[in-house]
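The values are calculated or read from the model by the stated rules, or taken from the named source; none is laboratory data. Keep in mind it's a predicted model, so treat the numbers as computed, not measured. Because the Cβ atoms are built from the backbone with ideal geometry, glycine has one as well, and the counts that use them run over all protein chains shown. We work out accessible area using only protein heavy atoms, side chains counted, and drop any ligands, DNA or RNA first. Shrake-Rupley method; radii C 1.70, N 1.55, O 1.52, S 1.80 Å.
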Amino acid sequence: MTICPIVLFPDQRLRQVAAPVTVFDAGLAALAQDILESMRAAPGIGMTGPHIGVGQRVVVLELPDAARPQIYVNPEILWMSDDMIRQEEGSVSMPGVTEDIERAAKVRVQYQDLDGVTHVEEAEGLRAACHQHEIDQLNGLFWLQRLSGLRRRRVMDRYEKLQRRQKELR
């Protein structure tokens, strides 16, 4: 179990499509544990392999309503509701800034567990938003790309200001 460095925006690895996992072994379990520990240290509630520089389709979620962290290997959205919700989102790769994002209120996700067994999960609310956010990341779509140009620029300005302030404090 290792806390890995987080890949920070605007690193181009965050825009690459992650490769499907094909080997379900102890190395995959170790990767999932590394993502979990890195996410907790960040802190965050969801994280992917690309967030730590590993271009594999692995997601770890640890949501407030869950009894334990959940691991999703090769997740894909099978269905999205027409009903929409707005959730505040951000990224461990762009710490300190958030913005409301509109997403489907409910989703059905197919994924594999660490043993390669396929499952289907229906989710709504925060969990649905997290699935969409993290699967976007696996597909090379950083959350900022879900914002209008004006809102994206405002978030970028806030982030750049935070980065300058942190450099001044060092």
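Points to keep in mind about this one:
- Among the residues of segment 26-59, those that are under 18 Å from Cys130 (Cα atoms), in contact with a Cys (Cβ under 8 Å, 6 or more places away or on another chain) and either open to solvent by 50 Å² or more (accessible area, probe 1.4 Å) or not in a helix (DSSP H, G or I) (or both) comprise Ile45, Gly46.
- Residue in segment 15-25 that is open to solvent by 30 Å² or more (accessible area, probe 1.4 Å) and in a helix (DSSP H, G or I) present: yes
- The set of residues in segment 88-99 being polar (S, T, N, Q) and assigned to a loop (DSSP other than H, G, I, E, B) consists of Ser93 alone.
- When Asp115 is tested against (1) modelled with pLDDT of 95 or more; (2) open to solvent by 80 Å² or more (accessible area, probe 1.4 Å); (3) under 29 Å from Leu150 (Cβ atoms); (4) not hydrophobic (A, V, I, L, M, F, W, C), exactly one condition is not met: (3).
- Residues in segment 48-95 that are under 11 Å from the mean Cα position of the chain (by Cα) and basic (Lys, Arg): Arg57 only.
This table checks each residue for (1) open to solvent by less than 60 Å² (accessible area, probe 1.4 Å); (2) in contact with a Cys (Cβ under 8 Å, 6 or more places away or on another chain); (3) in a helix (DSSP H, G or I).
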position	(1), (2), (3)
Glu121	yes, no, no
Leu126	no, no, yes
Gln145	no, no, yes
Arg152	no, no, yes
Leu162	yes, no, yes
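- Some residue of segment 52-59 being farther than 22 Å from Val97 by Cα and in contact with a Ser or Thr (Cβ under 7 Å, 6 or more places away or on another chain): yes
- Selected residue (only one of Arg68, Arg165, Arg127, Arg152 is without any contact (Cβ under 8 Å) to a residue 24 or more places away in the chain, basic (Lys, Arg) and under 20 Å from Leu36 (Cβ atoms)): Arg68
- Count - residues of segment 1-58 that are over 23 Å from Val155 (Cβ atoms) and charged (D, E, K, R): 5
- Only one of the listed residues (Ile71, Ile85) is assigned to a strand (DSSP E or B), among the β-branched types (Val, Ile, Thr), open to solvent by 10 Å² or more (accessible area, probe 1.4 Å) and within 26 Å of Tyr159 (Cβ to Cβ). That residue is Ile85.
- Pair list, Cβ under 6 Å, 6 or more apart: segment 76-88 residue within 13 Å of Arg127 (Cα to Cα), other residue open to solvent by 90 Å² or more (accessible area, probe 1.4 Å): Arg86/Glu102
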